Every structure is written in C-alpha cells, then in structure tokens.
Amino acid sequence: QVQLVESGGGLVQAGGSLRLSCAASGRTFSSYVMGWFRQAPGKEREFVAAISWYGDSLTYADSVKGRFNISRDNAKNTVYLQMNSLKPEDTAVYYCVADFKHYSTNPSRYEYWGQGTQVTVSS
C-alpha cells in the first residue's frame, strides 16, 4: 500500500509560480512511476506530467509543456511539480499518482492517488 500526500497548492495570479510536492510512504519510492493529473470543475480528469522510476524519462501534456517541470527526489520520497507562467486555465485540483508497473498518460493505469490539492489562478 502506498500513501500519497500533496501540498503546495493555493491561489496565485496569472503569470505566477507554484511548486506542488507529493510525499509518498509505504514502499521503496524508486519502485514506482510518479505523476500528476488535474481536474477542473465540470471537466474530466486530465494528465499533466509523469516521471519514470529513476527520473530518466519525463512526459508532459502539451498544455503545460515548457511551463511545468516534474522532478523527484528518491532520497526524500517526494515528487515535485514546478508550475511557472500559470494561466487561469490551469485552475484545478491537482492529484499526485503512483504505480509500480505503468508509465502512462492514462489515469486508469495508476493504482494510487493522493487526496488532491487545489490550485487557483486568478486573471
């Protein structure tokens, strides 16, 4: 069993930055792929970014490419999402995810989900 706890969400003006963190516990951190998804009100959950077991592969949604950066610190059991040049359309609940087997943009491939953290970008 893996527990994921996100932090770092909040309210920011357009053009600003936030860094989300996700602390994991329950198993060797380097054993699983980590990622972030988000869900805005009235919209489906969408992929944001993923990072492979040792961080050698990174994948981003086109909508965040060049603005967001995913990273992980296996010694601290933490994955990060640095979000720059934020836009109002980035407003959503952001979820940290983990899976032992799959490196994917498909939410159904991820077994473990955090509780989510709200990010609100004002115009």
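The values are calculated or read from the model by the stated rules, or taken from the named source; none is laboratory data. Keep in mind that what you see is a predicted model, and the values were worked out from it rather than measured. Because the Cβ atoms are built from the backbone with ideal geometry, glycine has one as well, and the counts that use them run over all protein chains shown. Heavy atoms of the whole protein, side chains included, go into the accessibility calculation; ligands, DNA and RNA do not. Shrake-Rupley method; radii C 1.70, N 1.55, O 1.52, S 1.80 Å.
Stick to the Cα atoms of the chain, pair each with every other, and give me the Kirkwood hydrodynamic radius in Å at one decimal.
The answer is 14.1 Å.
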Next on the checklist: Once you order the gyration tensor axes a ≥ b ≥ c over the Cα atoms, which shape class does the stretch 1-42 get: rounded for a/c under 1.5, otherwise prolate or oblate by comparing a/b with b/c?
Outcome noted: prolate
Checklist outcome for this item: Counting only protein heavy atoms and rolling a 1.4 Å probe, one gets per residue an accessible area for the chain in Å² of 50
Checklist entry - From the phi of every residue in the stretch 102-115, what ³J(HN,Hα) in whole Hz does the Karplus formula 6.51 cos²θ - 1.76 cosθ + 1.60 yield, where θ is phi - 60° and glycine or proline is x? => result 10, 10, 8, 9, 8, x, 5, 7, 9, 7, 10, 10, x, 7
Checklist entry - Normalised by the number of residues in the chain, what is the relative contact order in percent for Cα pairs under 8 Å and 6+ residues apart? => result 35
Checklist entry - Counting Lys +1, Arg +1, Asp -1, Glu -1, what net charge surrounds M83 among other residues with beta carbon under 14 Å of its beta carbon? => result +2
Checklist entry - To the nearest 0.05, how large is the calculated FRET efficiency for T59 and F100 if R₀ is 25 Å and r is the Cβ-Cβ distance? => result 0.90
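For the chain, give the percent of accessible area contributed by carbon and sulfur heavy atoms, probe 1.4 Å, rounded to a whole number.
46
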Item to check | Residue of V33, V48, V12 that the Gaussian network model of the chain assigns the largest fluctuation, springs spanning Cα pairs under 10 Å | outcome: V12
Item to check | Approximate spin-label separation S52-A23, in nm, with each point projected 7 Å along Cα-to-Cβ | outcome: 2.9
